[in-house]
Every structure is written in structure tokens, then in C-alpha cells.
Amino acid sequence: MEDVAPGDQVALGAIYDATSRGVFGLALSILRDHHAAQEVTMAVYTRVWQQARRFDALQGSAESWLLTLAHNRAIGCLRAQRRRSGRELPMEPEFDLADSRPDPDTKRSEADLARRVRRALESLPEEQRRAIVAAYFGGLSHTEVAAALGQPLGTVKTRIRSGLLALRRVLATAEEVGP
């Protein structure tokens, strides 16, 4: 990154060659769209070219910085797609005859699951619950959660992982018992 900051194209090419598969793979796993993942990958390396001087090796590796950029850009792309899809109308609405609303049994089952998840979340320690809610319901990356909570990244990752394991146990037990 030190070589890219002053504008060394060869250094950028070397970084691209070494990391682009991981960046593209992450974007593809989030977006599930090859073209969108390519756009995210291109945007990441464009940003690296423009902002390499902002990279701080004391904060983590270059690869983790690139993956964070890719994750954030892909999540932003997903959110933009959701906003657009809420405003766009189908081209030929007369052919869209299927009722997309869930049937009453599905609604009831989803409501039961939501209640179980809320109860399971309430059973967690406050620190774990806040980290999980910020990450999974707030759409924040682990790095963003750490910044929002004013906690070290490692602590946040541990709390999320421990909380998810506890949720899995609680929900598995609740499933055996029933709603």
C-alpha cells in the first residue's frame, strides 16, 4: 500500500493480482450476482487507488482492509437494490397474477419464530445482544459494530460469536419444546 499511495500502478497491479479473487468472492457471496460483484470489485480497487494513503498497517492487514471495503460496498449495493426494487414497477403487471402475500399458516409460523428469536435474544447478556442486534439487524460490519459500541474489534467478534452459539442452543431447545 505504501507504494500505491504515491501512484505506483505496478504496485496496484500486484495487490490486485494477489487479492482480487478474495475480494470478488466476498462480493459474489453477498450479492449473488456476477455482474454486481464485478462492479463492487472494480469500485474497491478504484478506492484503493484513490485512498491508499489512508491505509494504516497498525489497524490490520491490507487484505483485511480490502475485504472490509468489499463487504461495505456490497452491503451498500444490496441496500440500494432494495430501495430501487421498492420503487420500480414490473414492466407488465397484467402477467403478475400470483399473490405474493404469505398465507395465514406461514404468517403464524413466522410470527412464532420471531417471538422465539426475541425471547432468545432477551436471554443473552446485554453486551452480546447489543453486538448481535447491531450486526445482524442493523446491517453493520463487525468493524462498524466495534466503532459504534466503542469496543475493540476482537471483543466484538467474540461477543457476536458467543452470542450466536448461545442463540443456537436456546433456539434448538425451544424448537424441541415447541412454540
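Would you mind working out the magnitude of the charge dipole of the chain relative to its Cα centre, with +1 at each Lys and Arg C-beta and -1 at each Asp and Glu C-beta, to the nearest 20 Debye?
660
Report D for segment 9-87 in µm² per second (integer): Stokes-Einstein, Kirkwood Rh on Cα pairs, 4 °C, 1.567 mPa s.
100
What number, rounded to the nearest 500 deg cm²/dmol, is the helix-based mean residue ellipticity at 222 nm of the chain, given -39500 (n - 2.57) per DSSP H run of at least four residues and division by all its residues?
-24000 deg cm²/dmol
With the alpha-carbon atoms as the only input, what is the per residue convex hull volume for the chain in Å³?
Value for the chain: 160 Å³ per residue.
Enumerate the helices in the chain for which the Kyte-Doolittle hydropathy averages -0.5 or more and the C-alpha atoms extend at least 30 Å along the helix's axis, using complete DSSP H runs.
Long hydrophobic helices here: 153-177.
Mind putting together the pair-distance distribution for segment 103-177? All Cα pairs, 5 Å bins, whole percent per bin, short to long.
3, 17, 24, 20, 15, 11, 7, 3, 1
Find out how many positive minus negative residues lie around residue 1, taking Lys and Arg as positive, Asp and Glu as negative, among other residues whose Cβ is under 13 Å from that of residue 1.
-2
What is the chain's relative contact order, in percent, from Cα pairs under 8 angstrom and six or more apart in sequence?
So the answer I get is 18 percent.
Bear in mind these aren't lab numbers, they're just calculated from the coordinates by the rules spelled out. Computed from a prediction, not measured in an experiment: that's the story for all the values here. Neighbour counts are summed over all protein chains in view; Cβ atoms, including those assigned to glycine, are modelled from backbone coordinates with ideal geometry.
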